[in-house]
Amino acid sequence: MDNMLQQKKKTTGRRKIEIKKLDKETNKQVTFSKRRQGLFKKASELCVLCDVHAAIIVFSPADKLYSFGQPNTDAILNSYINGTTEFTDAKSMEDSSTYAEYNGQYEESLKMLEMEKKKLAEVENLAKTWNRGDWWNDSIDDMSINQLEQFMISLYELRKKLFERADGLSMMFPF
């Protein structure tokens with residue numbers, strides 16, 4: 001049994017690597033991408049867990065700029081330069097107005113969703129009524145506007161299908 005376990009394990013598994021400068025450019029870029037994501041994730045966790053503000057600015061091996069900031073990078077840098085702990089700047093105020101707009105859009109979307117749910121419930125109720133098989137016996141005086149519209153659409157579709165069927169039959173049996 002021990003012999004089988006030793007034969008199955010062919011990978012080295014996760015192991016600590018030696019920290020040294022990488023020579024290949026492709027290796028540098030791949031390592032940078034993976035480690036940058038981890039670095040930004042750790043910084044985000046630190047900001048949330050400890051309720052701190054942090055900014056990280058990194059240049060890639062391809063000389064591209066990447067930054068992370070909580071609440072945002074500009075506010076942190078401005079507060080550092082000014083020697084204050086206030087994080088209000090034009091960008092923060094712009095972000096808060098953007099958040100207000102998004103919240104308004106969200107509220108409007110919720111209202112529209114509720115209206116659509118009500119319409120769906122009406123249509124499902126109407127479908128149940130019409131699937132009874134005797135919907136044509138119901139009085140149109142008792143129908144709502146939506147039910148009347150649906151009734152008219154159904155009648156037009158029925159008429160169209162009847163004409164198509166009649167045309168098809170007249171071609172098959174010309175008199």
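Each reported figure results from applying straightforward, stated rules to the coordinates on display, with no laboratory input. Bear in mind the structure is a predicted one, so any value in this text is a computation, not a measurement.
Extension gain for Leu158-Ser144 works out to 3.0 nm (0.36 nm per residue, less the C-alpha to C-alpha distance). Taken one residue at a time, the phi angles of the range 111-124 give Karplus couplings (6.51, -1.76, 1.60, θ = phi - 60°) of 4, 5, 4, 4, 5, 5, 5, 5, 4, 4, 4, 5, 5, 5 Hz. Gly and Pro are set to x.
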